[in-house]
Amino acid sequence: MSSGDRQERVFWALTAASCAHVVEEYIWPGGFLEAAKEAAPEVFAHSSTPIIVGVNAAMIAGCALGALTRRRSPVLSLAMAGLLFENAVIHGAGSLRLKRYMPGLATGLALYVPLSLKAFDSYRKSPAYRRSTAVGAAVLGTAFHSIPFVAFAARRARSTKAAVVAGEV
């Protein structure tokens, strides 16, 4: 098996891991949104199931698209690996804050961390390696991960503005 084939496999594995992660968060054992609201109420107070479903669908689609386009442009695939790594870290922080398991922690630690590290390592060993691409992708992954939090903040701002206009504040 060539290194290109192994590199491609890790990105498909990240796609499968993102599916498993969503199952852990929302189906079995589930309860992620409630735990997130408990761990960081100021951040998740204005989250909603439709936003979370959209975020997770976009995450899975981004991972699949990254796997499909990895050879032509590794930035998206590496950015998604970075996003998933950051997600694992955030689940760890949430579990520490709650002092208990937070749904998503197991797949985050067992799948996201090693697969993300393998993705970046695999790219580093490829003939197409460019440090600027790897660093840029890591930054882009962090930016992608911030999108739902921006959506929550926008909902909070609209809600606050509506309350002010209605004279409730």
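Bear in mind that the values in this text are calculations on the coordinates, not laboratory data. Everything numeric here is computed off the predicted structure, so don't read it as measured data. Neighbour counts run over all protein chains shown; Cβ positions are idealised from the backbone, glycine included.
Sequence neighbours fewer than 8 away in the same chain don't count; with that in mind, list the aspartates and glutamates whose C-alpha is under 14 Å from K99.
Straight-line reach from K99, under 14 Å: E38.
Find the relative contact order for region 3-165 and round it to a whole percent, using C-alpha pairs within less than 8 Å whose residues are 6+ positions apart.
It rounds to 32 percent for region 3-165.
Residue by residue through region 23-33, which ³J(HN,Hα) values in whole Hz follow from phi under the Karplus form 6.51 cos²θ - 1.76 cosθ + 1.60 (θ = phi - 60°), with glycine and proline marked x?
Working through the residues one at a time gives 4, 4, 5, 10, 10, 9, x, x, x, 4, 4 Hz.
Picking from H145, H91, H46, which is most flexible by a Gaussian network model of the chain using Cα springs under 10 Å?
The residue that fluctuates most here is H46.
Can you pull out the chymotrypsin sites (Phe, Trp or Tyr not before Pro) in region 82-162 that DSSP calls coil and that have at most 14 other Cβ atoms within 10 Å?
Sites meeting the loop and neighbour criteria: Y101, Y129.
Would you look at the GNM of the chain, springs on alpha carbons closer than 10 Å, and say which of A137, A40, A88 moves the most?
Among A137, A40, A88, the largest GNM mean-square fluctuation belongs to A40.
Could you go through region 53-59 in sequence order and give the Karplus-derived ³J(HN,Hα) for each residue, using 6.51 cos²θ - 1.76 cosθ + 1.60 with θ = phi - 60°, rounded to whole Hz, and x for Gly and Pro?
Using θ = phi - 60°, the values come out as 4, x, 4, 5, 5, 5, 4 Hz.
Between the DSSP loop rule and a limit of at most 10 other Cβ atoms within 10 Å, which trypsin sites (Lys or Arg not before Pro) in region 1-63 are left?
none
With springs only between Cα atoms under 10 Å apart, run a GNM on the chain and tell me which of A45, A64, A79 wobbles the most.
Per the Cα network of the chain with a 10 Å cutoff, A45 tops the list.
Got a sec to turn the phi values of region 133-139 into Karplus ³J(HN,Hα) couplings, 6.51 cos²θ - 1.76 cosθ + 1.60 with θ = phi - 60°, whole Hz, x for Gly and Pro?
5, 5, 5, x, 5, 4, 5
Normalise the Debye intensity by I(0) for region 68-158, one equal point scatterer per Cα, no solvent, then take log10 at q = 0.18 Å⁻¹ and round to two decimals.
The Debye formula, applied to the Cα set alone, gives -0.84.
Convert 4 °C to kelvin, take the viscosity as 1.567 mPa s, use the Kirkwood radius over C-alpha pairs of region 5-99 as Rh, and evaluate the Stokes-Einstein diffusion coefficient in µm²/s, rounded to a whole number.
Result for D is 91 µm²/s.
For the chain, evaluate the Debye formula with one uniform point scatterer on each Cα (no solvent term) and list log10 I(q)/I(0) at q = 0.11, 0.13, 0.20 Å⁻¹, rounded to two decimals.
Result of the Debye calculation: -0.49, -0.65, -1.25.
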